[in-house]
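The values are calculated or read from the model by the stated rules, or taken from the named source; none is laboratory data. Keep in mind the model is a prediction, meaning the values are calculated, not measured. Reconstructed Cβ throughout: ideal geometry from the backbone, glycine too, with neighbour counts over all protein chains shown. Protein only, heavy atoms only, side chains kept; ligands, DNA and RNA dropped before computing areas. Shrake-Rupley method; radii C 1.70, N 1.55, O 1.52, S 1.80 Å.
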Amino acid sequence: MELKTIFMAFFIITTLVSFAYPSFVQEDVDDEPLVNPGPEMDAVVAISPASQEFNMYMLENLPPKFTTYLETCMDKMGPIFRRCNEDIIEEILTKKPVSRECCMKVVKAGKECYVEIRKLMFRFYQLKRFASQVSIRTNDVWDRCSAEVENSSSSP
C-alpha cells in the first residue's frame, strides 16, 4: 500500500509540474530558423507571375489612408529602406542578424511603423505561409535592435 501511495504522489506532482511548466515537456522550436540561409531563402523570395499578380491585387486593395501611413514609415527609414527591409525579413526567417545601421533606421522609424510594415510584408504571397510563425520573432528583432541602439547611444 505504501508503494502505491508514493507512486500516486509522484504521478500527481509530475502532472502538476508539466502543466505549470510546459517548456519542460516540449522542445523550443523558436530557436530553429524557419528557412535556411542561401538557396532556400532565395527560393522563398522568388517572384512568379502568379505571386506578382496576387501581391499587386493585395496592395491595390489596401485602404488609401493605410497606404499613406506605410509610405510615411518607409520615408522615415530613408533610401536604405529596401535593403534593410530585406535584411529584417531574412533575420526573422533565418536568424541572421541585421546590421547596426539597419537597426538604427528601424528604431528611428518607431515600433508602430516597424510592426505595420512587418504585417504587410508577411501578407505578400511569398511570405504569407510564415505569417502565423513570425510574431514572436518580429518582436525579438525589434527588441534586439532597440537594445543595440540604446546601448550604442548611452556609451561614450
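With the requirement that a residue be open to solvent by less than 40 Å² (accessible area, probe 1.4 Å) and under 13 Å from the mean Cα position of the chain (by Cα), what does the range 117-138 give you? If the condition is that a residue be open to solvent by less than 40 Å² (accessible area, probe 1.4 Å) and under 13 Å from the mean Cα position of the chain (by Cα), then Ile117, Arg118, Leu120, Met121, Phe122, Leu127, Phe130, Val134, Arg137, Thr138 are the ones that fit.
Only one of Pro79, Pro97 is open to solvent by 90 Å² or more (accessible area, probe 1.4 Å), of a type outside the set (Lys, Arg) and over 15 Å from Lys119 (Cα atoms). Can you tell me which?
Working: Pro97 fails: open to solvent by 90 Å² or more (accessible area, probe 1.4 Å).
Just one listed residue meets the conditions, Pro79.
When Val98 is tested against (1) over 16 Å from Pro33 (Cα atoms); (2) free of Cβ contacts under 8 Å to residues at least 60 places away in the same chain, only condition (1) is not met.
Taking the range 53-100 as the range and being outside any helix (DSSP H, G or I) and over 21 Å from Gln126 (Cβ atoms) as the test, the residues that pass are Pro63, Pro97, Ser99.
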